[in-house]
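Written out below as structure tokens is the structure these notes cover.
The values are calculated or read from the model by the stated rules, or taken from the named source; none is laboratory data. Please read all numbers here as calculations on a predicted model, not as lab measurements. Cβ: placed from backbone, ideal geometry, glycine included. Neighbour counts: every protein chain shown. Side chains are part of the model used for accessible areas, which takes the heavy atoms of the whole protein and leaves out ligands, DNA and RNA. Shrake-Rupley method; radii C 1.70, N 1.55, O 1.52, S 1.80 Å.
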Amino acid sequence: MSVQTEGTDTAGEPAVRKARVPAPPRGDSRTTGAPSRRAAAAPYLLLLPALLATAVLLGWPLVKNGVLSFQNLNPRQLIQHLTEWNGVDNYQEVLSGGDFWRVVERSVFFTAVNVALIMVLGTLVGLLLARLGAKMRLLLMIGLVLAWAMPVIAATTVYQWLFAQRFGVVNWVLDKLGWHSMADHNWLQTQFSTFAVITLLLVWQSIPFVAINLYAATTTIPRELYEAASLDGAGAWKSFTSVTLPFLRPFLYATTFLEVIWIFKAFPQIFAMNEGGPDHLTETLPIYAYVEGVGNQHFGVGAAISFLTILVLLVITSYYLRMVLKQEEDEL
């Protein structure tokens, strides 16, 4: 509490001045440091449940898969509860064969084509959402959400029905339009046509995520920038390249990264469509690991292929991240 004393200034009028109050003594460093340490540890404590769940649900299966990849695990070992370690024989068998490298090349090419189509079409739909009126935007958003929310197997079954050989809607429409040779066309007979149907399915399922994400990003762009660009005489394309694209670039990088992972590990669409056929020509790495592991009951080999699939995906994503970071450094 401050103490006030009366005095007289040079003019003879009373003046009030405040007495100096001594500062409170400093507390012990041990008592003041404890709250700061607890505050610094609070974010890590909040992350601890998620980290534990990730370690249990993802880390432990990954460790078990790595252990199985060094074992000779077949039906005999499973029935007799035997553990036969064979070192790196499974990896040597997989890497020395030509099938694995053909599947890797096919998987990378398949991922690149799908991600390119998804990002281009999804970006166009996202920009369309930003241009539409409120009612049309709501209708389009409802359609996108319904397509996105449809279960994977249900969507795959619908596409199987659409492209069925005898009673498919696509063949019926093509026949009515004059292509009578397509009346009984088997879309799953060749590698190219099978991949075309699967690509159409994956792109249809992935566009809603990209479009909604990009539309949300466009809402963060200040309108004043477009007005300034129009005053400078910039047209639609110039406004897009100078205003819209710089704001959308971080969202495009992140979305592309997620789509690479999602397409590369796509399993139910490909397997449910034609089980990797015809003649194993549409097998990607997840399908190849399942066929070799569960289908042929070589579980150790399948585990080795699964572990190599993770390594291939890590190489692809690290290369993409390195390219993105290098481009950002060049822009700075």
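So which of Ala183, Ala196, Ala229, Ala234 is out of contact with any strand residue (DSSP E or B) (no Cβ under 9 Å at 6 or more places or on another chain) and closer than 24 Å to Thr256 by Cβ? Break it down stepwise before answering.
Values: Ala183 fails: closer than 24 Å to Thr256 by Cβ; Ala229 fails: closer than 24 Å to Thr256 by Cβ; Ala234 fails: closer than 24 Å to Thr256 by Cβ.
Ala196 is the lone residue from the list that is out of contact with any strand residue (DSSP E or B) (no Cβ under 9 Å at 6 or more places or on another chain) and closer than 24 Å to Thr256 by Cβ.
Assuming Ala147 fulfils every condition listed in (1) within 19 Å of Pro268 (Cβ to Cβ); (2) open to solvent by 60 Å² or more (accessible area, probe 1.4 Å) apart from one, which condition is it?
For Ala147, the exception is condition (2).
Among the residues of the range 64-75, is there at least one that is in a helix (DSSP H, G or I) and modelled with pLDDT under 75?
Taking every residue of the range 64-75 in turn, none turns out to be in a helix (DSSP H, G or I) and modelled with pLDDT under 75.
Which ones in the range 170-215 are open to solvent by 40 Å² or more (accessible area, probe 1.4 Å), of a type in the set (Phe, Trp, Tyr), in a helix (DSSP H, G or I) and farther than 13 Å from Val115 by Cα?
Correct list: Trp172, Phe192, Tyr215.
State yes or no: is Arg137 in contact with a Leu (Cβ under 6 Å, 6 or more places away or on another chain) and open to solvent by less than 60 Å² (accessible area, probe 1.4 Å)?
Here the answer is yes, as Arg137 does meet what is asked.
I'm trying to understand the selection: among the residues of the range 80-112, which are surrounded by fewer than 14 Cβ atoms within 10 Å (Cβ to Cβ) and part of a helix (DSSP H, G or I)?
Gln80, Gln92, Leu95, Ser96, Gly98, Asp99, Trp101, Glu105, Phe109, listed by residue number.
Pull out all pairs, ordered by first then second residue, where Cβ-Cβ is under 8 Å, the residues are six or more apart or on different chains, the first lies in the range 162-187 and is closer than 19 Å to Pro278 by Cβ, and the second is open to solvent by 80 Å² or more (accessible area, probe 1.4 Å) and assigned to a helix (DSSP H, G or I).
Note: pairs meeting the criteria are Gly168/Trp161.
Has the range 267-275 got at least one residue that is polar (S, T, N, Q), outside any helix (DSSP H, G or I) and open to solvent by 30 Å² or more (accessible area, probe 1.4 Å)?
No: zero hits.
List every residue pair whose Cβ atoms sit under 8 Å apart, with the two residues 6 or more apart in sequence or on different chains, where the first one lies in the range 268-290 and is farther than 19 Å from Gln165 by Cβ and the second, anywhere, is among the basic types (Lys, Arg) and surrounded by fewer than 22 Cβ atoms within 10 Å (Cβ to Cβ).
Glu283/Arg106; Thr284/Arg106; Pro286/Lys265
So which of Glu292, Glu283, Glu227 ends up being among the charged types (D, E, K, R), more than 17 Å from the chain's Cα centre (by Cα) and surrounded by fewer than 20 Cβ atoms within 10 Å (Cβ to Cβ)?
Testing whether each residue is among the charged types (D, E, K, R), more than 17 Å from the chain's Cα centre (by Cα) and surrounded by fewer than 20 Cβ atoms within 10 Å (Cβ to Cβ) leaves just Glu227.
Name the single residue that is farthest from Trp262 (Cα to Cα) among those in the range 300-327 being open to solvent by 20 Å² or more (accessible area, probe 1.4 Å), touching a Ser or Thr at 6+ places or on another chain (Cβ under 8 Å) and among the hydrophobic types (A, V, I, L, M, F, W, C).
Result: Phe307.
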